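Participant: Dropping the structure in here first, questions after.
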Amino acid sequence: MTVPSDQEVSDTGDRVDTVTAELVRFLTARTGRAWPPDTDLFATGGLSSLFAMELVVHLEQTYGVSVRGTDLRLDNFRTVRRMVALVDRLRTGEPGDHGA
Amino acid sequence: MTGQNATPDAGQRLAVLGAGVMGTGIAALAVGHGIAVSIIDVDRGRLADATARVDRQVRTARLMGTLPPDVRPGPLDVGPSLTDVPTGRTGLTAVVEAVTEDPYAKAKVLTEVSALVTPGTPVVSNTSSIPIDELARSVARPEDLVGSHFMNPPYLIRTVEVIRGPRTGPHTLDAVRRLLAVLGREPVVVEDAPGFVTSRILHPMINNAVRVVAAGTASVESVDTLLQGCLGHPTGPLRTADLIGLDNLVDSLWVLHERTGDESCRPCELLLTKVRAGHLGRKSGRGFYHYEGDL
Ligand SMILES: NC(=O)c1ccc[n+]([C@@H]2O[C@H](COP(=O)([O-])OP(=O)(O)OC[C@H]3O[C@@H](n4cnc5c(N)ncnc54)[C@H](O)[C@@H]3O)[C@@H](O)[C@H]2O)c1
């Protein structure tokens, strides 16, 4: 499911809720487990670190963002909430901690 | 990402033969350390998406924080033979052979490459199981040949099993140590034998795990969970099998079986059935588990 970047959402709160719900659904479908937004996906007994790259690609394809430079680090993908924050920052074009 | 603005590490250049699971992984490790890489494969389908597969693995390595942050990626070029790529065959730091685990395929490619490269260029085989001295029969200069068994994925696993064949020259061993240091890997040097250390232990163990599943003693998930939870195995043997590629595992088990006579190395029927069905593990999307995404 693709959400075009020009699709209007009333405010940041709604947008964040939408992305959160979509990511929780995606993770549940792909792993067969429920992932509350603050659960560390890669802690012991969690997902394989190789799955993290699938998350990067999923975010890029679904939300039309590009994860580059120092944004490309596991900590940004560790929980649903962190991924939502990253997507929100990249979509609103806020200057983040983009590195070389 | 690759091929732009590159500042290759002190002019180092690698040729990687084989654009499969390991060839692209080793290329990603090198590119991510600023080294120029030419990747060669006879299968044009493999070549077509080799750059994309290397790029994706460079990104994975960055994501996992296993590449030096301040190094620009080395340039990558791909081609059907060493004579077709711009970086060519001279001035190479080393050639890394990562073609199919088939003694005949390796003999052919090693004969070709050793006739092409400058004498003294280390030829490094990534074979899982074939004794280096057996491969040395196919090269012009056995002293230039050494085994360097990168684990999968090469950019996440730091330790590399280095195999000194009986005829491997000291200059070649030194050169491979220097290369691994540039790549941030830690070598453990061992002597030559079928399967060396890691495959000789791991591959029959995985084969036995598959036998346990085939016998109905436990499910795939239960075997992996027990080996992880009780024995500290990082992923479980069946997930490891899917990561390796079941076709490669079967090839390696035959190499071991033929050279040791050890019946625990005879690939079990369930493994052979899966390979015949094209269920090769992660790389084909299905093995003991199902996968999406093509890592
Ligand atoms: N898969 C693993 O986990 C793993 C780990 C360590 C070592 N190895 C070893 O690395 C080597 C490669 O394994 P892989 O898993 O990448 O296999 P793979 O099947 O994914 O790739 C092998 C590639 O070699 C190519 N090839 C065959 N003949 C060639 C030739 N003459 N010239 C150029 N390319 C040729 C094939 O087209 C294919 O793309 C094998 O020796 C294997 O035993 C594999």
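The values are calculated or read from the model by the stated rules, or taken from the named source; none is laboratory data. Small disclaimer: the values here were computed from a predicted structure and weren't measured. Methodologically, a virtual Cβ is constructed for each residue, glycine included, from the backbone with ideal geometry; neighbour enumeration extends over all protein chains shown. Only protein heavy atoms, including side chains, enter the accessible area calculation; ligands, DNA and RNA are left aside. Shrake-Rupley method; radii C 1.70, N 1.55, O 1.52, S 1.80 Å.
Participant: In a shell of Cβ-Cβ distance under 13 Å around A:Val56, excluding A:Val56 itself, what net charge do Lys and Arg (+1) and Asp and Glu (-1) give? Don't skip to the answer; put the middle values down first.
Facilitator: Values: positive: A:Arg68, A:Arg73, A:Arg78, A:Arg82, B:Arg56, B:Arg59, B:Arg62; negative: A:Glu54, A:Glu60, A:Asp71, A:Asp75, B:Asp55.
Every neighbour counted, the sum reads +2.
Participant: I would also like to ask the following. Highest mean first, how do B:231-237, B:25-31 rank when packing is the count of other Cβ atoms within 10 Å averaged over residues? The partial results should precede the final answer.
Facilitator: Numbers: B:231-237: 14.9, B:25-31: 29.4.
Packing order, densest peptide first, comes out as B:25-31, B:231-237.
Participant: Now for a separate question. Checking an interface number: how much accessible area is buried between B and A, summed over both chains, with a 1.4 Å probe, in Å² rounded to 100?
Facilitator: Numbers: alone 12770 and 5820 Å², together 17250 Å².
Using a 1.4 Å probe, the pair buries roughly 1300 Å².
Participant: Tell me which residues come under 5 Å, amide H to amide H, from B:Ala94 once H is placed; ignore anything under 5 positions away on its chain.
Facilitator: Sorted by chain and number, the residues that satisfy this are B:Arg13, B:Ala15.
Participant: So what does log10 I(q)/I(0) come out to for region B:199-284 at q = 0.15, 0.18, 0.25 Å⁻¹, using the Debye formula with one equal point on every Cα and no solvent?
Facilitator: Those come out to -0.50, -0.72, -1.31, one per q.
Participant: Evaluate peptide B:138-144: per residue, the Cβ atoms of other protein chains within 10 Å of its Cβ; return the mean as an integer. Show your work: numbers first, answer last.
Facilitator: Details: counts 0, 0, 0, 0, 0, 0, 0.
Mean partner shielding for this stretch: 0.
Participant: Let me ask you something else. Which whole number gives the average, over all residues in A:69-82, of C-beta atoms from other chains lying within 10 Å of the residue C-beta?
Facilitator: Values: counts 2, 2, 1, 7, 5, 4, 2, 1, 1, 0, 0, 0, 0, 0.
Partner-chain Cβ atoms within 10 Å, mean over residues of A:69-82: 2.
Participant: Around B:Gly278, with a cut-off of 12 angstrom between Cβ atoms, what is the net charge of the other residues, counting Lys and Arg +1 and Asp and Glu -1?
Facilitator: So the surrounding residues net to +3.
Participant: Let me ask something else about it. Whose amide H sits under 5 Å from the amide H of B:Arg286, counting only residues 5 or more places off or on another chain, with H placed in the peptide plane?
Facilitator: B:Leu280, B:Gly281, B:Tyr291
Participant: Another question about this same structure. Over all residues in B:52-60, what is the mean tally of Cβ atoms on other chains that come within 10 Å of each residue's Cβ? Before the final figure, lay out each step's value.
Facilitator: Values: counts 0, 0, 0, 0, 3, 2, 0, 6, 7.
Per-residue shielding by partner chains comes out at 2.
Participant: A further question on this structure: Hey, how many Å between the Cα centroid of region B:250-295 and the Cα centroid of region B:120-190?
Facilitator: Each part reduced to its Cα centre gives a spacing of 25 Å.
Participant: How much accessible area per residue does region B:199-284 have, in Å², with a 1.4 Å probe? Don't jump to the answer; show the numbers that get you there.
Facilitator: On the way: 3890 Å² over 86 residues.
It amounts to 45 Å² per residue over region B:199-284.
Participant: Report the local net charge at B:Ile132: Lys and Arg +1, Asp and Glu -1, summed over other residues whose C-beta lies under 12 Å from its C-beta. Write down the numbers at each step before the final one.
Facilitator: Numbers: positive: B:Lys106, B:Arg137, B:Arg164, B:Arg167; negative: B:Glu97, B:Asp133, B:Glu134, B:Glu143, B:Asp144, B:Glu161, B:Glu191, B:Asp192.
Net charge around B:Ile132: -4.
Participant: Quick one: give the max-minus-min coordinate of the C-alpha atoms of region B:13-191 along each principal axis, largest first, in Å.
Facilitator: Sorted from largest, the Cα extents of region B:13-191 read 40, 34, 27 Å.
Participant: Amide H to amide H under 5 Å from B:His149: which residues, 5+ apart in sequence or cross-chain, H placed 1.01 Å off N in plane?
Facilitator: B:Glu161, B:Val162, B:Ile163
Participant: Ok, one more. Under 8 Å for C-alpha pairs, at least 6 residues apart: give me the relative contact order for region B:13-191, rounded to a whole percent. Before the final figure, lay out each step's value.
Facilitator: Values: 367 pairs, mean separation 37.2, N = 179.
Across region B:13-191, relative contact order equals 21 percent.
Participant: Counting only protein heavy atoms, what percent of the accessible surface of region A:6-92 is carbon or sulfur at a 1.4 Å probe? Show your work: numbers first, answer last.
Facilitator: Working: 2070 of 4100 Å².
Here it works out to 50 percent.
Participant: Same structure again: Among the lysines, select those whose C-alpha is under 17 Å from the C-alpha of B:Lys274, and discard any that sit fewer than 8 residues away in the same chain.
Facilitator: Those lysines meeting the cut-off are B:Lys283.
Participant: Another question, if that's okay. Rounded, prolate or oblate for the protein assembly as shown? Axes are the square roots of the Cα gyration tensor eigenvalues, ordered a ≥ b ≥ c, and the cut-off for rounded is a/c under 1.5.
Facilitator: On the way: a/c = 2.27, a/b = 1.35, b/c = 1.68.
Note, shape of the protein assembly as shown comes out oblate.
Participant: Return the calculated 222 nm mean residue ellipticity for the protein assembly as shown, to the nearest 500 deg cm²/dmol, obtained by summing -39500 (n - 2.57) across DSSP H runs with n ≥ 4 and dividing by the residue count. List each step's numbers first, then the result.
Facilitator: On the way: 14 runs with 166 residues, N = 395.
Result for the protein assembly as shown: -13000 deg cm²/dmol, rounded to the nearest 500.
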